[in-house]
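Following: one structure in structure tokens, then a few remarks.
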Amino acid sequence: MPFIKLTRLEQKRFGAVLLCIFCAVGAWLFLALNKKYPYTVQTELLYKDEPQGKAFKALQPDTVDLKVEGTGWQLLFARLRIKPPSITVSLQKLNSRSYVVFSEQLDQVNQQLETSQKVISIKPDTLYFDFSRRTNKRVPLKLISKLTFAPQFGISKEVTLTPSYVNISGPHEELEKIHVWHTDSLKLNDINKNVDVRVNILKNPISNVSIYPANIGVNIPVDEFTEKTIEVPLSILNNKEYYDVKLYPKKVSVVILVALSNYAKADEDQLKAAIDLNEWKMLKHNKLSVKITKLPEFSKLVSITPSSVDFIIEK
């Protein structure tokens, strides 16, 4: 295919024409992008000035569509989002009626946004609410945690939460669904001493239910653990026929990990070991395996010696 050959003068002229075209397009784009254009963006609603002594439930989702006036630059660079990503709406009017009209609050809404953005309208323009008497309820707290300990360390006593419950208030039908409340996740690694921290309560996803307090104290007793060997007599389970059962041996050695602070307390009275006679009656085993039926609190089983025993049954 033949190529068109241009002289040096023609090349300069062609380059000048292209430059003029690019400049004209650039000027047109600059003017066009500086103009204001309407676009729609969805945002989350936050409430303030909630009516006192009333429980309310929104009859529509907590998101609305904002018709926003912004520059073409915002459209070009896909900045179709509100900054901040939510708007706060006053519910003061709910003291005298059951709905809120956004067009009455456009000035307050625009004061929350960037100066380059202006809300023209909000859809839906009216939010409706269902009211009921506000009730209170106390529910227990559950700690959500992910803990790792340094070698030989662990929890030595019960973890305490202060307070161990939260007070919630809201519509009766909503509170009936709530039986426990969780904390935010507590994540700690390589723990080798007592933990005493404050943890936030999990945020409430239901806008018309309030939670108190916002955070609690968490105490986790931590101690170093060591092994302890205890001789434990064997008891017999499921001997309903009252056979005379001879066990060999009659005691087993149980090795447990126990906190140093509880070392002296861990004794034979806090440990129970047993064999199940059903292993012989139903499974026809010629040896009976040893099971631990009771352990000292916050201890861990390491081993049982022997793990199974011989037996003789006299009918």
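General observations
- Region 81-227 shape via C-alpha gyration tensor axes, a/c threshold 1.5: oblate
- Test item: Cα-centred dipole of region 130-243, Lys/Arg +1 and Asp/Glu -1 on Cβ, debye: 460 debye
- Probe 1.4 Å, accessible area per residue of region 149-289, Å²: 58 Å²
- Between Ile191 and Asp49, the contour length at 0.36 nm per residue exceeds the alpha carbon distance by 46.8 nm.
- Whether region 202-243 is rounded, prolate or oblate, judged on the alpha carbon gyration tensor where a/c under 1.5 counts as rounded: oblate
- Loop-located GluC sites (Glu not before Pro) in region 176-235 (DSSP state not H, G, I, E or B) with no more than 13 neighbouring Cβ atoms inside 10 Å: Glu176.
- Portion, in percent, of the accessible area of region 192-315 that falls on carbon or sulfur, probe 1.4 Å: 51 percent
- Using a simple spin-label model with pseudo-atoms 7 Å out from Cα toward Cβ, Thr63 and Asp125 lie 2.4 nm apart.
- Computed from the Cβ-Cβ distance with R0 of 41 Å, the FRET efficiency linking Ser164 to Lys281 stands at 0.35.
- Student exercise, region 192-286 dipole from Lys, Arg, Asp, Glu Cβ charges, in Debye to nearest 20: 280 debye
- Modelled FRET efficiency - R0 51 Å, Lys300 with Val101, Cβ distances, 0.05 increments: 0.20
- Subset of Lys137/Lys193; Lys157/Lys187; Lys157/Lys203; Lys137/Lys300; Lys240/Lys294; Lys57/Lys123 violating a 30 Å alpha-carbon distance limit: Lys137/Lys193; Lys137/Lys300
- Qualifying trypsin sites (Lys or Arg not before Pro) for region 87-184 [loop in DSSP, other Cβ within 10 Å: at most 14]: Arg97, Lys177
- When region 147-210 is described by a simple charge dipole with +1 on each Lys and Arg Cβ and -1 on each Asp and Glu Cβ, the residue from Asn167, Ala150, Val180 located farthest towards its positive end is Ala150.
- In this simple spin-label approximation, His182 and Ser307 carry label points 7 Å from Cα along the Cα→Cβ vector, and these lie 3.6 nm apart.
- Here region 87-143 is assigned +1 on the Cβ of each Lys and Arg and -1 on the Cβ of each Asp and Glu. Its dipole about the Cα centre then comes out at about 580 debye.
The values are calculated or read from the model by the stated rules, or taken from the named source; none is laboratory data. These numbers come from a predicted model, not from an experiment. Backbone-built Cβ (ideal geometry, glycine too); neighbour counts: all protein chains shown. Side chains included, ligands, DNA and RNA excluded: accessible areas come from the protein's heavy atoms. Shrake-Rupley method; radii C 1.70, N 1.55, O 1.52, S 1.80 Å.
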